[in-house]
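Chemist: First, the structure itself, so that you have it in front of you.
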Amino acid sequence: MQTKIFYPRNPLVRECIQYFLFITKNDNEYISQLCYPNTNHCLGLIKKGQIVAVNHSEYHILSSTKNSSYLTGIYKEPIKIIANQPYQELCINFNPMGLEVFFGEGFSKNIFQNDILNTNKNWDSLYEIVFSNNPLEKIVTEMEDFFIPLIQDKMLYNTLLFNKTLKATQMEELNDLLNKSYRSTHRYFVNQLQTTPKEYLQIIKVREAMPMILKNIPLIEISDLLNFTDQAHFTKTFKKYTYVTPSQFKQTSSHVEDTLIWNLE
């Protein structure tokens, strides 16, 4: 399986979209992608294929006569994506509340929704851009040109605000950044993202820890850098959201540019 990551160049698009991930699988071998919890949202486009939910944490990519799309929100446990046939996919990974800037609707609260483009926007031209035979660099440029006219200024404010929360480490910081009380912040996160502020912060910390673990930084140092009470607290939190200990994670996971971290089997 081949993967390639590109990052947006336009400043406004970059505030909303973290990266574009191209995936190409050319054989019929079985492959399982274990994706760890994250605060981003993925808009996936599959060429002549579709993704089917087996349960809330396992999805299969199947062949189809048409292109399809799907959307994942913030998930709080690992999800597995399985395929045993060739497929081509683009994953557009959005910052929290970044979807709304282009869609103009509250899609960030969805955990998983299939056929998102055809059902809600009918953006058939996006399929044509993504699955053309052009070089990937040109495809990325054309995608940015596609998204720029769709930016809605009134929605952009929330995205810019939530981008600041990605640097928060404590509940009090979230309250201050959002200029809300504790209860209002809690309600806002649940309504907008279907997660609590505490879960949101813990997932951010777990994601920040992953590249550090892969770089052999001592766990006690990671615990201190991420403001955990101690190493045991960090390990417990890490296992809660990944289902593995830091040492098990290190043995089984791989990364692409410190951006994409997963377990491939």
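Chemist: Just name the residue that is modelled with the highest pLDDT out of those in region 160-216 that are among the aliphatic types (A, V, I, L, M) and not in a helix (DSSP H, G or I). Working first, answer last.
Modeler: Taking region 160-216 and keeping what is among the aliphatic types (A, V, I, L, M), we get 160-161, 166, 168, 171, 174, 177-178, 190, 193, 201, 203-204, 206, 209-210, 212-214.
Subset that is not in a helix (DSSP H, G or I): 166, 168.
Values: Leu166: 74, Ala168: 78.
Restricting to residues being among the aliphatic types (A, V, I, L, M) and not in a helix (DSSP H, G or I), the top hit is Ala168.
Chemist: Within region 60-80, how many residues turn out to be more than 22 Å from Val140 (Cβ to Cβ), more than 14 Å from the chain's Cα centre (by Cα) and either surrounded by fewer than 22 Cβ atoms within 10 Å (Cβ to Cβ) or touching a residue at least 40 places away in the same chain (Cβ under 8 Å) (or both)? Explain how you work it out, then say what you get.
Modeler: Initial filter on region 60-80 (more than 22 Å from Val140 (Cβ to Cβ)): 60-66, 73-80.
In the following step, the residues that additionally are more than 14 Å from the chain's Cα centre (by Cα) were identified as 60-66.
Filter again for either surrounded by fewer than 22 Cβ atoms within 10 Å (Cβ to Cβ) or touching a residue at least 40 places away in the same chain (Cβ under 8 Å) (or both), leaving 60, 62-66.
Going through region 60-80 one residue at a time, the tally reaches 6.
Chemist: Oh, and also: For a quick check of your reading of the model, give me the residue pairs whose first member lies in region 28-40 and is without any contact (Cβ under 8 Å) to a residue 60 or more places away in the chain and under 14 Å from Gln202 (Cα atoms), whose second is open to solvent by less than 10 Å² (accessible area, probe 1.4 Å) and outside any strand (DSSP E or B), with beta-carbon atoms closer than 9 Å and at least 6 apart or on different chains.
Modeler: Asn40/Ile74; Asn40/Pro96; Asn40/Gly98
Chemist: Kindly indicate whether Tyr87 is within 13 Å of the chain's Cα centre (by Cα) and open to solvent by 10 Å² or more (accessible area, probe 1.4 Å). Spell out how you get there, then give the answer.
Modeler: Working: within 13 Å of the chain's Cα centre (by Cα): no; open to solvent by 10 Å² or more (accessible area, probe 1.4 Å): yes.
The answer is no for Tyr87.
Chemist: If you don't mind, another one. Would you mind stating whether Asn163 is farther than 26 Å from Cys16 by Cα and of a type in the set (S, T, N, Q)? Reasoning before the result, please.
Modeler: Details: farther than 26 Å from Cys16 by Cα: no; of a type in the set (S, T, N, Q): yes.
In short, no.
Chemist: For region 41-59: of the residues being open to solvent by 10 Å² or more (accessible area, probe 1.4 Å) and touching a Phe, Trp or Tyr at 6+ places or on another chain (Cβ under 6 Å), which is farthest from Asn263 (Cα to Cα)? Walk me through how you get there before you give the answer.
Modeler: Let us first name the residues in region 41-59 that are open to solvent by 10 Å² or more (accessible area, probe 1.4 Å), namely 42, 47-48, 50, 52-59.
Those left that are additionally touching a Phe, Trp or Tyr at 6+ places or on another chain (Cβ under 6 Å): 47, 53.
Working: Lys47: 23, Ala53: 19 Å.
Per the stated criteria, the residue is Lys47.
Chemist: Another question, then. Among (1) over 24 Å from the mean Cα position of the chain (by Cα); (2) closer than 19 Å to Met97 by Cβ, there is one condition Ser181 misses while meeting the rest; what is its number?
Modeler: (2) is the only condition that Ser181 fails.
Chemist: Applying the selection to region 158-176, what residues are open to solvent by 70 Å² or more (accessible area, probe 1.4 Å) and of a type in the set (S, T, N, Q)?
Modeler: Gln170
Chemist: Of the residues in region 226-265, how many are open to solvent by less than 30 Å² (accessible area, probe 1.4 Å), part of a loop (DSSP other than H, G, I, E, B), in contact (Cβ under 8 Å) with a residue 24 or more places away in the chain and over 25 Å from Phe20 (Cβ atoms)?
Modeler: 1
Chemist: Still on this model: Take the residues in region 109-157 that are more than 23 Å from Asn10 (Cα to Cα), of a type in the set (S, T, N, Q) and outside any loop (DSSP other than H, G, I, E, B); name whichever of them is most open to solvent (accessible area, probe 1.4 Å).
Modeler: Restricting to residues being more than 23 Å from Asn10 (Cα to Cα), of a type in the set (S, T, N, Q) and outside any loop (DSSP other than H, G, I, E, B), the top hit is Thr119.
Chemist: A follow-up question, please. Inside region 20-40, can you point out the residues that are open to solvent by less than 20 Å² (accessible area, probe 1.4 Å), part of a loop (DSSP other than H, G, I, E, B) and closer than 18 Å to Ile82 by Cβ?
Modeler: Of everything in region 20-40, just one residue is open to solvent by less than 20 Å² (accessible area, probe 1.4 Å), part of a loop (DSSP other than H, G, I, E, B) and closer than 18 Å to Ile82 by Cβ, namely Tyr36.
Each row is one residue, and each column tells you yes or no for (1) in contact with a Leu (Cβ under 8 Å, 6 or more places away or on another chain); (2) at pLDDT 90 or above.
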site: Gln50; (1), (2): yes, yes
site: His56; (1), (2): no, no
site: Ser63; (1), (2): no, yes
site: Lys76; (1), (2): no, no
site: Phe94; (1), (2): yes, yes
site: Leu99; (1), (2): yes, no
site: Phe107; (1), (2): yes, no
site: Ile116; (1), (2): yes, no
site: Val130; (1), (2): yes, yes
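Chemist: Could you tell me whether any residue of region 48-69 is within 27 Å of Phe238 (Cα to Cα) and part of a loop (DSSP other than H, G, I, E, B)?
Modeler: The first filter runs over region 48-69 and keeps only residues within 27 Å of Phe238 (Cα to Cα), leaving 53-60.
If we keep only those that are part of a loop (DSSP other than H, G, I, E, B) as well, we get 56-57.
Within region 48-69, one or more residues are within 27 Å of Phe238 (Cα to Cα) and part of a loop (DSSP other than H, G, I, E, B).
The values are calculated or read from the model by the stated rules, or taken from the named source; none is laboratory data. All values reported here derive from a predicted model rather than from experimental measurement. Backbone-built Cβ (ideal geometry, glycine too); neighbour counts: all protein chains shown. Each accessible area value is taken on the protein alone, full model and side chains, heavy atoms only, with ligands, DNA and RNA left out. Shrake-Rupley method; radii C 1.70, N 1.55, O 1.52, S 1.80 Å.
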